[in-house]
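Asker: Sharing a structure with you now.
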Amino acid sequence: MKARMMRIALAAGLLSALLCGCGSKEQTVSQAGSTQQAQAVQETTAPSVETKKMHIAVETVEISLADLAAQDYTVPVHVYLEQNAGVTYSEWGLKMDERCTFAVQSPADEPLALTVYHAENAEQHFIWTAWASGTQIISSTGPILVVDVTLPKDAAAGDKYTVDYADWSLADKGHVWSNDADDWSEQDEVSWVDGGITIIE
């Protein structure tokens, strides 16, 4: 418990420095474990990449214009930890498409018993997140983050909006995936797949 509290305090203290710039804000949220699925949104096949000990997948979704309008142009994008060699502390980010606005969900449940901090910079279209757990997590059954992405009203069929994994903060600090003994990012054992939203007919 003491180690967890130290990691939480460190995360809270670092975020304001790591995510610099005007218009930034900082919030505390629970672990993203929401099972909410957007109606008529389909997950597409992710590109093939070499997966390493830690593999993060940002969801790619497809949605029709009609369903997009019915959802007020907002689509949830999930981030999954698909390969996990064990982690107790992590820092990483997302670079959002500059045409979109976004907000991190704050679900009521906390299935992985994590404390999550995130900071958003709307001007830079960037999220930096840090989370800590009192015990090592070696599996993940739900998303580690859910971001509601709001597309512009002039979105058209064929448009693609990117949500990319970020391994560097706006303050030029690298991502961290640590189990206390090892930082997998320092060992080049972290891989990822970028995601986003594609509009279909």
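Just so it is clear, none of the values below were taken in a lab; they were calculated from the coordinates. Source: prediction; values computed, not measured. Here Cβ is always computed from backbone atoms with ideal geometry, including for glycine, and neighbour counts include all displayed protein chains.
Asker: Among 80-89, 61-70, 126-135, how do they line up from the highest to the lowest mean number of other beta-carbon atoms within 10 Å? Don't skip to the end; give the middle numbers.
Answerer: Working: 80-89: 19.4, 61-70: 16.4, 126-135: 21.8.
So the order, starting with the most tightly packed, is 126-135, 80-89, 61-70.
Asker: OK, next. Over the Cα atoms of region 119-169, compute the convex hull volume and normalise it per residue, giving Å³.
Answerer: 143
Asker: Can you list residues from other chains, or at least 5 along the same chain, whose modelled amide H is less than 5 Å from the amide H of A166?
Answerer: For A166, the qualifying residues are G93, L94, K95.
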